[in-house]
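A short reminder: the numbers here are calculations on the coordinates, not readings from a lab. From a predicted model like this one, the values you see are computed outputs, not experimental measurements. Heads up, the Cβs are rebuilt from the backbone with ideal geometry, glycines too, and the neighbour counts pull from every protein chain shown.
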Amino acid sequence: MPRYADFDAVLASYPDRFNSEKASSMDDKVYMQLTGDDARDVTLYVHHGELDILDGEVPEDPTLRLTAKTEDWVAIENGDLNPMMAMMQGKVKMKGSVPFATKFMGLFGYGG
């Protein structure tokens with residue numbers, strides 16, 4: 001697993017890690033509201049096997065909404081912070097279904 005220096009590096013990795021076959025029937029938007037020193041809004045739009053990264057955009061009705069400090073998200077991506085523990089500790093907040101979140105994470109090489 002590569003290590004990411006910052007969220008820009010994480011974001012740049014998503015197209016290469018994206019599994020378009022698993023996403024062939026999906027049409028969903030995941031909104032990431034990142035807070036902290038490098039606060040930003042990012043929407044990952046998955047539609048019929050394609051991925052669009054919309055940096056700075058907030059969708060009206062996302063399928064899944066994730067809120068976390070940018071540094072916590074980078075720690076998750078680097079394997080330094082367990083995503084489930086982060087949710088239980090309130091470091092990551094999620095609005096949407098857990099099964100969809102698991103499926104979505106699977107598109108980028110995580111378990112689901």
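Can you tell me which lysines have their Cα less than 22 Å from the Cα of K93? Leave out same-chain residues fewer than eight positions away.
Partners within reach: K29, K69, K103.
With label points built 7 Å along Cα→Cβ from the Cα atoms of R3 and N82, find their separation and express it in nm.
Distance between the two pseudo-spin positions: 2.2 nm.
In a shell of Cβ-Cβ distance under 12 Å around G96, excluding G96 itself, what net charge do Lys and Arg (+1) and Asp and Glu (-1) give?
+3
Could you work out the equivalent-ellipsoid semi-axes for segment 1-61, taking the square root of 5 times each eigenvalue of the Cα gyration tensor, largest first, in whole Å?
Working from the Cα gyration tensor, I get semi-axes of 21, 17, 7 Å.
So what is the calculated 222 nm ellipticity per residue for the chain, using -39500 (n - 2.57) for each DSSP H run with n of 4 or more, over all residues, to the nearest 500 deg cm²/dmol?
-8500 deg cm²/dmol
In square nanometres, what is one fourth of the surface area of the convex hull spanned by the alpha carbons of the chain?
6.4 nm²
As an exercise, identify the GluC sites (Glu not before Pro) in segment 26-97 lying in DSSP coil whose Cβ has no more than 11 other Cβ atoms within 10 Å.
Counting only loop positions with at most 11 other Cβ atoms within 10 Å, the GluC sites (Glu not before Pro) in segment 26-97 are E60.
Let me know the charge dipole size of the chain about its Cα centre in debye, to the nearest 20, where only the beta-carbon of Lys, Arg (+1) and Asp, Glu (-1) is charged.
Value, rounded to 20: 520 debye.
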